[in-house]
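What follows is calculated from the coordinates using simple rules that are stated; it is not laboratory data. Since this is a predicted model, take the numbers as computed values, not measurements. Heads up, the Cβs are rebuilt from the backbone with ideal geometry, glycines too, and the neighbour counts pull from every protein chain shown.
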Amino acid sequence: MRRQQGMRLDDRLNDRWFRLDEALVSAFVERWRPETHTFHMSFGECTITLQDVAYQLGLPVDGRYVSGCLSEFHIYIEGGRPAWVWFQELLGVTPPPSQVQKYAVNCSWFQETFGECPEDADEETLFADKSGNWIHIRWLPYVARLEELGTYSWGSAALAWLYRCMCRVANRHVVKLAGPLQLLQSWIFWRFPRFRPAGYETFSWPLASRWSGYNPSGSEKGPRVAMWRLRIDRLQDREFIWMPYSSPDVLQVLHPEVLEPRHMALWCSVTALIYFAVIDWHQIDRVLLQFGGVQPPPPP
């Protein structure tokens, strides 16, 4: 999707992405506790917060929550029009039945249909990238109001989805982890210097783009998970950076809007994170050290 006027998203990140180290991420998810939405380490608790989302991805963390109707979607349309009629009016084409599963459309079809921007396109041209296998048409109301995209809290939606995906995979019967995992991996690299790859010392905005071009080892996953698991077990307090964004090198590349008080107040809020039917808690009261505070003993 092209960046809209007034939308506070940085479209450079898609061009400077990096590959996922599945073994490293899997070992960290083993430390995730759904009850507290934190990683339980030998030195205490830590977690990914709205501050991390703002710095790492450059997404807005304030604004309207990202949600909408999930059930009976066929009647949730303006003027009584069926959902697929609305789809046709907004995008100018209807996907063939072979590319549809209930109310989700195959991403490959989106890529093939909208992958190239027409020469006469304006700022409201839509084209998709392969962020997953299927895209639900619950996004139609957002496509219909592209000029309002910048008014939503996309950062809290991304964090809510990451929390929920990690909570799901904490179930031993779930073997596949989804969600914005590059956010998790970039958070690991920034917070745990021992685990970050060598040679990535140039800072840029957003901060996750620091690892542009990173390609982890392609060796067998099982032994590498065991290796990372052992290294995590041996971590000590001094090997975790509680406040990685306070250095002058980071401050030089930050977008000035990130440091506005209205954003910073949300970083320190115990609040609900909403992404459609997903509602999870932002429990920074358990990780006050990440904000320069003093951590009291946790309640029972």
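Any idea what diffusion coefficient the range 183-264 gets from Stokes-Einstein, in µm²/s, Kirkwood Rh on alpha carbon pairs, 4 °C, 1.567 mPa s?
It comes out at roughly 88 µm²/s.
Taken about its Cα centre, the range 153-300 carries a charge dipole of roughly 640 debye when the Cβ of each Lys and Arg holds +1 and the Cβ of each Asp and Glu holds -1. Computed from label points 7 Å out along Cα-Cβ, the spacing between Ser204 and Glu147 is 3.3 nm. Computed from backbone phi, the HN-Hα couplings of the range 91-96 come to 9, x, 7, 10, x, x Hz, rounded to whole numbers (Karplus: 6.51 cos²θ - 1.76 cosθ + 1.60, θ = phi - 60°; Gly and Pro given as x). Residues whose amide H comes within less than 5 Å of that of Glu45, counting only those at least five positions distant or on another chain, are absent (H built at 1.01 Å from N in the peptide plane). Placing dummy labels 7 Å off each Cα toward the beta-carbon, the span from Glu220 to Gln111 is 3.0 nm.
Going highest first, how would you order 92-101, 147-156 by mean Cβ packing within 10 Å?
Working: 92-101: 12.0, 147-156: 19.5.
Taking the mean over residues of other Cβ atoms within 10 Å, the ranking is 147-156, 92-101.
Taking Cβ atoms as reference points and 10 Å as the exclusive limit, the residues near Trp190 contribute a net charge of +2, counting Lys and Arg as +1 and Asp and Glu as -1. Taken over the range 130-273, the percentage of Cα pairs per 10 Å bin, counting from 0 up to the bin with the maximum distance, is 8, 28, 38, 21, 5, 0.
A cut-off of 5 Å between modelled amide H atoms, ignoring neighbours fewer than 5 places along the same chain, links Thr271 with His282, Ile284. 3J(HN,Hα) along the range 231-247: 5, 5, 4, 8, 4, 10, 4, 5, 8, 10, 8, 5, 10, x, 9, 8, 6 Hz, from the Karplus curve 6.51 cos²θ - 1.76 cosθ + 1.60 with θ = phi - 60°, whole Hz, x for Gly and Pro. In this rough spin-label picture, where each label sits 7 Å from Cα along the Cβ direction, the Val100-Asp249 distance is 5.2 nm.
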